[in-house]
Structure formats: C-alpha cells, structure tokens
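The values are calculated or read from the model by the stated rules, or taken from the named source; none is laboratory data. Being a predicted model, the structure only gives us computed values, none of them experimental. Glycine gets a Cβ as well: all are built from the backbone with ideal geometry, and neighbour counts include every protein chain shown.
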Amino acid sequence: MSASGLDLTIAIGGAAGQGIATPGNILARLFGRRGLHLYAYNAYQSIIRGGHILLTVRIRDEEVHSHGDGIDLLLCLNQDTMDRHLEILGPGSRVVYNSDTIQPAEVPDGVLLCPMPVSELMGDSKNKLIQNTISLGVMMSLMSVDFSVLQEALELLFGRKGSAVVEENVAMARAGYDYGDASFESFPVPLPEGDKPLAMWTGNSALAMGGAAAGVKFYAAYPMSPSTGVLHWMAQNARDLGIMVRQVEDEIGVANMVIGAAHVGCRAMCATSGGGFALMTEAVGAAAMMEIPAVFINVMRAGPSTGVPTKTEQGDLWQALGASQGDFERFIVAPKNSLDAYNTVAELFNLVDRAQCPGIIISDLLISEGTFSVDPDLIDLHPAIDRGALLVDPSPDGNYLRYANTESGISPRVPPGYEGFVHVVATDEHDEDGVIISDEFTHPHKRRTSVEKRARKLEGVSADVLPPTLEGPQDAQVTLVGWGSTYGVIREAIEMLSEQGVVANHLAIKWIVPFHGEAVDEILSSAKRVLIVENNYSGQFARYLRSETGFSANGHIRKYDGEPFMPHHIVEGVLDLLQSRAAIYVPDQEIIV
Amino acid sequence: MSTAQSTTEMIGLELVRSPTSPRDFKGKVTPDWCKGCGDFGVLNALQRAVFQLGIKPHEILAVSGIGCSSNLPGFFNAYGMHTLHGRSLPVATGAKLGNHQLNVIVTGGDGDGYGIGGNHLMHTARRNIDLTYLVMNNQIYGLTTGQVSPTSRTDMKTKSTPFGNLELPINPLTSAIMNGATYVARGYSADVKHLTELIKNGIEHKGFSLIDIFSPCVTFNHDQDFVFFKPRIRKLEDEGHDPSDWKAGCEKAMAWGDEIYIGLFHENDRPSIDSLEPVLADGIPLARRPLGLSSEQGSKLVSRMM
C-alpha cells in the first residue's frame, strides 16, 4: 500500500474525433508535475472518426506497473461509453457525464453519478469540445485538487493558441470545478503530491530517444501501427539531433537503407510491426551475412496478417526467431517496460556493434503506445557507447581482410571511405577477404570456417548478457514466468496474490537470444509449480522454453483477445490453476473496447 | 575510438598510390561472365570513367544486387557491397546518406532493377539522391538460365514463356524521367568510349542518374544480341536532341525498331535530396560525427517531457 493509499484509475470514453487526447494529455501533465506515477493505456480502433475509445489513466503515489483492474472515475463523452461501462463499476466509483445528452441505464449499487448540465454551464460558448474542459473541472473537484493546478495546466497546453482560447477554457473549467464542488461528493482520499515532478513518455518515444542517446544517426521507417510513434519522435527531433530520418516506400527499402547507412559506419535503426517486419526479414539475414550491425524493432500487434492493428499481442516471438533464412547470428530482446525499452536500445547497439550482427527488439502495443511516468533522474542521457572493433587495429601486415578469421570471430571493421582498406562485402558466402565462394568455386572447408567464425562472435559477446534472476521468495508456492511487457502486470498480480495468502515469485525473461537455458532450467526445475503467462493463443514462449531447456510448465495463463492482461486476470488464473490443475486458463475481458 | 587517419598512421599503412591507369581499378577477382558477355564492356567503361575523373578506389562504393551483372563489384577495385536481389538502390541510398562524400555507384541487371527492385527505382528517382545507377539490360534472366525479364519484348520465347511473352516490356527510361530522375541515359556496351562519357557525366551529375545499358547476353538471349543492336543503334547527340526537353527525351526513348537511340535523353538540375537535407548541411558525413546526445540536447528532451 502506498504512502497515502492513492490508487486511482480514471477512464475517459468516447468516439474517435471527440477529443479524448486533450484531456488525457492535460491529466498526464498535471499528474506528472504533481509527482504522481502514471500508467495510461488507450484502447482504440483503426478508425479516424467514430468507434469507441477508452483511455485508462491509473495514478498512484508510488511506482505503477499496469493499468489496473477497474475504473474509479469514468468520464463519458458519449452514450455508448455509459452503456458499455457503467455496469462494471464498483461501489465508490464516480461517473461524470453530460446530462443534456447522456443518460445512465441501471446504476450499480454504490456508484455515484455526477451529471453535468453542460449547456447550462457552457453559456455562450460554441466550442463543441468544451464539455471536455468542463469535465476536467468537475474531475479536479472530485479529486480535491486546487483549481490553480488545472488552470496552470490549461494555460500551458492552450498558451500557443492565444489568450482568448486560454480564457475560454479556464472559465469553462472553473464553471465545471465550482459546479462539481457544490454538487458532488469528492473522493475520500484527496490527490496527494509526490516528492518531485515526473516526466511522461510513451514506449515508442522511449525507444526513439534510446536510439538518439545510443548515437543513432540514421532512422528509416514505413508507417505502421503501433510502431509509428518512433517515426514521429524521430522526425520531430531529427534536425535538432542531427539524425537522418527517412520515410521509405516499403519496409524492404527501410531495412536495406538501414543496412547501407550502418555499413558506412552510422548507428542505424528502424521500427515496424509484424507485417512490416515480415518484409524486412530477408535484410536481417543480409546484415548477418555481411556482418553489419543494425537494430530492427518489431512492435507487435494482434496478428496474423493485417490482424487487429490497434490491439496488442505477444504473437511474433517465433517470427523474430525465424526472421530470415539460414543459420545466423542475431540478438533478440523483449524489454519489460518503457524505461527498460529506453535502456535496451543502447545496450543492444553495443552488443550488435561488438558482434557485428543484427539485433531485434520485440516491443508491443501495450509498451509502445502506453503513456508512462518516468523519474527523469533515471533516464541515462549518456549511456556507455561501445562500437566494438570499428576502426581499430586492422590487419597489421597491410593486407586488410574484412572477414579475418580471428580467434574471437570478430574481424576489425573499416567502413568504406578509408584509404588502404578497400574491400567488397557480400550476401553470398565469402572468404576472409570478402571474395565470394558461392559461384565459381564453392569450397566446403572455407564455408565451414566462415560459418564457425560468425558463430564464435555471438558466443563470445553473449557471455556479457546477464541471465534472468528470480524475483520474490525462493520457496514460493508458484512461479510465474513471463516475457517482455507482462513484467509489470505479473508483478502486481503477485502482490495481490500475497494479500490473498498465495506466495508467488516471478521469472521475467527479457533476452530471447541469447537465451540462458541452463540458468532458466535450474531456476524452474527447483520451482514448486510453474505457470507461464503470455499474451497469445498457442503459448509461443512456452514452446520456446521447451525447445531450449526441455522444461514443460505446469500450467498456462493466456490471453489473445487483443487486450492486455489486467492484474486480476492473472490472480484469478493462478487461483484457478492451483485448484483445478487444468493446463490452461484464459481470462475473460470484462471491459469491452 | 580512433579515426582512420590515426589507425593508418598507427600501423604504418600507406598502400594506395594514385591510380595510373584504368587497370588499377581491376578487382581481386577475374570476371566469371561468359565469353563475349556485354557486361565486360560496362566494367571496362566504368574503370575508364573513374580513372579519367581522378577518383581513387577508396572514394567509391559500388553497390549491386544479385544477378550476373551484380557480380561487378567483385571485379572492380573499390569498396563494394554485393547485396540482396533487387535491393541495391535502398542500400546505396542508406550508404550515400550515411556518408555523402562517397561516390556511390550502383550496378545490376534488368531483372534486379526493373523487376524485383522496380518499386525502389521509382522512389529513388523521385528522391533524386546522388547515385549513379548502371543497369546492364540484357532483356533476359541470365543467372537463372534464361527466363523472361521485365524488358523482354512481347512474343519473345524463353524457358518460362515457351509459347511467347504476352506482356509488354517496361520502358526504364520514360519511367525514370516521369518519376523525377535528373540524368537519364542509355548506353551500349559495345561502344565503350561513348558509354565511358555517359558514366563520367552521370557520376558528375548531382542527383539520381540512371544509365540503362544494352549489354547483350550471348548465352541466353539470341533475340536481342549484338547482331540485333549493331545496325539499329543511333546516337542522340547526332540527332541534335536537347536533353532539357523531357518530352522529346521520352519520345526518343520509346523508339524501338530500325532506329534505337543511345545517349543522354534527359537531364535537369533539380537539387538532390542529399543537398536539400538540412541534417547534412554542415558537410560532415553522418558516419563521422560524434555519437549520443549533448547535455543541452538531453536536457531539452527531458524538459519537454515534464
């Protein structure tokens, strides 16, 4: 339990085009400045106007790891939101809505209705989105936040649009605030203040900024949800940071451009989602064969094919593992949250530069498009940069061999443009000097040497990647295993289980390749009961774990409806599987978005 | 990290003298093309062109895709990348943007550039990046032993069209002109002197240069061979063609019969993307710049997140 006990989840629902983003941004900024931790998840559809959007913003005065289990304060911007979500609200929750246009159906026990007579409050205003501002005022009064805090946030947001817009919004917010104050019972716990202001970012901006900090000089992309935020961040900051950003005709072009820029010595990166990554995969193998370091990000969405572009899933694990034909060297990593995503980019660039091979980051919609608070002091703006054997100690006898068969397998790299090191690289198999051995004369011994040389690189560099460790009590009743973005929600579920007397611990997997099979097997073999939690149908990670270790889990909690896990889904899954001894538990998604 | 200069000093290397003849651009590997292949003439012209322009091997990056003609970088003394089938243009674009001081020359065939890589050609042309693209157009798939290509004529019989090709061939020159390429030419591999001039001008042109080259396949294309081309080839410069007139250039490029034109069809001075891009404005190649964020850049980014 946090210092003040604050754990408040606000949801704003409406149709695309109703301006949900603006109150969402104001709330995030306001809470961040107040030092509150935030985890926001936006459930939306692939539509520009209409549909149903539900932005869930959960705030605490300590770290928050998921979007939580319920809704404490629901703002309905349309009737549809009221109809969809009123029935799942619990006692003590509040519903704010425009009583001119929206009516509640059957109100569950203990839910407090907060109808706003918007037309009365808006007076002469003709601004159709003004109900959003009025409702911000009402919500602030419900949270017992001093009006000046909201006024400051509105001035910041609308300042650019001129004083008339600022004045109108402040006046409308004030009207809502005063009305709320006079008419509705505020939450029992007033909104506390944290120790220091927190920053806000999305996972995509964390990935992009992580690239900038790692020294990315070339970024290319083709827009694809949910990865496009990386492109937007890069495009916005390109000129300030001296990063070449190109939107390319297709993801095949993207990946190959990245390889070209990387070969001449730039740190180069690209991001896409599964469909685009499918197009990139031939190039991933090309980077491995030519020994060119580059980073490819796959932000997963629900597949297969076009799938559900705006919904999340962990369904591309085997796509990443199988990305490109042949046996080849690459790193694959699945960050566990936004800050980890930020740090992972520099970490991965160092590894791929040292091993001269591609690296793949698997993110997903939940991490990439979510908005999260981050302590600005935790953002390492100057991560260590290790470019490996780039421009160091080329062959001393004057006969530069790009693919010198060294003991480590790492051949010193000199990019094009330097005098005295002219060489040709090839996607065909080649000898130490880069001359291809695939056409006129193939040579089994040379082929074997080249394969083994490349393999040695990865083995050596991988030794520096630390194995995962078990979080929580060693002798827990149950061990939950997850990978990537489920880290936070599993962590919260474990806290909730402990309140219910179930002792659980957590093995969170971040590194897919190198996979620390021995360490993982040792941990899991001594666990009492192992349950794997993943956001897909077939248990992709469970299958990978079995392939790498021979270990089969006792049970599985899987979700594949497009929505991310909520903590109670996992808690209920654990309780059910402990009792029923069934193999698989699939939670039901109650919030229909 | 040491710079190349210090690396070279450190180990006392000074391998390269200035080239004294086109032969200094011979690569490590002897070409494995069939005897009489048109591609020999293209390699020869390229070696003469860079020699005559006074460019040194390390200042060149030759990028190719896959196919007989894409083996060229291995036969050419310069930095080279023998990339994926159809992907030479994006790789070359990334390389040029990463180090815009390099002379980036792209080589490949008609299947590589107009078939599997066709989408990239259109976009590279409109991007107008400063590359010189030599397409050895033999109107056949040679390395896969003789199937129809995107430039094979209608009715042509190949292993994959044994009853004749039903499709229309692409016209790479009009396509490139219409899509914004700023130097569009055609050469003939049997006229090395003429081709050398086209390549030299293409390299010197600041923008995307497409040089389509009739480079007959002596093994698999007995339809458009040297015997076919020799009596038909006409030079645009002898016809008084004005390369700034793109419409006339397209008309000349469409001619296919008793008279087939080579030479410069169209040229204009629209600025290249690498010259327009503000990120490159200070002149230092991206690949040679310091990595990471300055303190000022870092605090600005964080302050915007607050």
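Summary table
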item: Failed item, numbered, when residue B:133 is tested on (1) surrounded by fewer than 23 Cβ atoms within 10 Å (Cβ to Cβ); (2) closer than 21 Å to residue B:187 by Cβ; result: (1)
item: Residue list for region A:210-232, restricted to those being surrounded by 24 or more Cβ atoms within 10 Å (Cβ to Cβ) and free of Cβ contacts under 8 Å to residues at least 40 places away in the same chain; result: A:212
item: Residue check, residue B:55 among the aliphatic types (A, V, I, L, M) and closer than 29 Å to residue A:251 by Cα; result: no
item: Some residue of region A:283-297 being away from chain B (no Cβ under 14 Å), surrounded by fewer than 24 Cβ atoms within 10 Å (Cβ to Cβ), under 23 Å from the mean Cα position of the chain (by Cα) and not hydroxyl-bearing (Ser, Thr, Tyr); result: no
item: Listing of helices (runs of 4 or more DSSP H) fully contained in region B:220-306 that carry 3 or more residues being aromatic (Phe, Trp, Tyr); result: B:226-229
item: Residue match in region B:170-185 (condition: outside any helix (DSSP H, G or I), over 13 Å from the mean Cα position of the chain (by Cα) and crowded, with 24+ Cβ neighbours inside 10 Å); result: no
item: Number of the condition not met by residue B:163 [criteria: (1) in contact (Cβ under 8 Å) with a residue 60 or more places away in the chain; (2) aromatic (Phe, Trp, Tyr); (3) assigned to a loop (DSSP other than H, G, I, E, B)]; result: (1)
item: In region A:267-279, the residues that are under 23 Å from residue A:428 (Cα atoms), away from chain B (no Cβ under 11 Å) and surrounded by 24 or more Cβ atoms within 10 Å (Cβ to Cβ); result: A:277
item: Residue that is nearest to residue A:230 (Cα to Cα) [pool: residues in region A:338-377 that are hydroxyl-bearing (Ser, Thr, Tyr) and surrounded by 24 or more Cβ atoms within 10 Å (Cβ to Cβ)]; result: A:368
item: Any hit, region A:47-69, residues being on the phi > 0 side of the Ramachandran plot, surrounded by 21 or more Cβ atoms within 10 Å (Cβ to Cβ) and either within 21 Å of the chain's Cα centre (by Cα) or of a type outside the set (A, V, I, L, M) (or both); result: yes
item: Strands (runs of 3 or more DSSP E) lying entirely in region B:68-137 (those with 3 or more residues that are touching a helix residue (DSSP H, G or I) at 6+ places or on another chain (Cβ under 6 Å) and over 27 Å from residue B:284 (Cβ atoms)); result: B:103-109, B:132-137
item: Pick from region B:73-107, criterion touching a residue at least 60 places away in the same chain (Cβ under 8 Å) and either touching a Ser or Thr at 6+ places or on another chain (Cβ under 7 Å) or among the small types (Gly, Ala, Ser) (or both), ranking: surrounded by the most Cβ atoms within 10 Å (Cβ to Cβ); result: B:107
item: Condition check for residue A:215: out of contact with any Cys (no Cβ under 6 Å at 6 or more places or on another chain), over 25 Å from residue A:13 (Cβ atoms), of a type outside the set (D, E, K, R) and not assigned by TED's automatic domain parsing to the domain that holds residue A:28; result: yes
item: Residue count for region A:444-463, restricted to those that are without any contact (Cβ under 8 Å) to a residue 12 or more places away in the chain and basic (Lys, Arg); result: 1
item: Some residue of region A:128-147 being in a helix (DSSP H, G or I) and farther than 21 Å from residue A:24 by Cβ; result: no
item: Failed item in (1) assigned to a loop (DSSP other than H, G, I, E, B); (2) modelled with pLDDT of 95 or more; (3) surrounded by fewer than 20 Cβ atoms within 10 Å (Cβ to Cβ); (4) within 13 Å of another protein chain (Cβ to nearest Cβ), with residue A:416 passing the rest; result: (3)
item: Residue identified as modelled with pLDDT of 95 or more, surrounded by 17 or more Cβ atoms within 10 Å (Cβ to Cβ), away from every other protein chain (no Cβ under 14 Å) and more than 13 Å from the chain's Cα centre (by Cα) among B:114, B:141; result: B:141
item: Residue satisfying all of: in region B:37-65; surrounded by fewer than 23 Cβ atoms within 10 Å (Cβ to Cβ) and among the hydrophobic types (A, V, I, L, M, F, W, C); nearest to the other protein chains (Cβ to nearest Cβ) among these; result: B:55
item: Number of the exception - residue A:349 against (1) closer than 18 Å to residue A:263 by Cα; (2) in contact with a strand residue (DSSP E or B) (Cβ under 8 Å, 6 or more places away or on another chain); (3) at the interface with chain B (Cβ under 8 Å from one of its Cβ atoms); result: (3)
item: Output for region A:523-547, where each listed residue is surrounded by 15 or more Cβ atoms within 10 Å (Cβ to Cβ) and either of a type in the set (D, E, K, R) or in a helix (DSSP H, G or I) (or both); result: A:523, A:524, A:529, A:534, A:540, A:541, A:542, A:544, A:545
item: Residue match in region A:545-554 (condition: closer than 29 Å to residue A:321 by Cα, at pLDDT 95 or above and acidic (Asp, Glu)); result: yes
item: Matching residues in region B:66-103 - criterion: being more than 23 Å from residue A:420 (Cα to Cα), within 7 Å of another protein chain (Cβ to nearest Cβ), in contact with an Asp or Glu (Cβ under 9 Å, 6 or more places away or on another chain) and not basic (Lys, Arg); result: B:84, B:90
item: Answer from B:199, B:203, B:170, B:177 - the residue that is in contact (Cβ under 8 Å) with a residue 12 or more places away in the chain, in contact with a Pro (Cβ under 6 Å, 6 or more places away or on another chain) and among the β-branched types (Val, Ile, Thr); result: B:170
item: Residue that is more than 14 Å from chain A (Cβ to nearest Cβ), free of Cβ contacts under 8 Å to residues at least 12 places away in the same chain and either more than 17 Å from residue B:212 (Cβ to Cβ) or under 24 Å from the mean Cα position of the chain (by Cα) (or both), where the choices are B:267, B:237, B:296, B:251; result: B:251
item: Boolean, residue A:476 is surrounded by 20 or more Cβ atoms within 10 Å (Cβ to Cβ), assigned by TED's automatic domain parsing to the domain that holds residue A:554, outside any strand (DSSP E or B) and more than 18 Å from the chain's Cα centre (by Cα); result: yes
item: Residues (within 28 Å of the chain's Cα centre (by Cα) and either crowded, with 17+ Cβ neighbours inside 10 Å or farther than 18 Å from residue A:479 by Cβ (or both)) located in region A:578-593; result: A:585, A:586, A:587, A:588, A:589, A:590, A:591, A:592, A:593
item: Any hit, region A:435-455, residues being in contact with a helix residue (DSSP H, G or I) (Cβ under 9 Å, 6 or more places away or on another chain), more than 30 Å from residue B:79 (Cα to Cα) and among the charged types (D, E, K, R); result: no
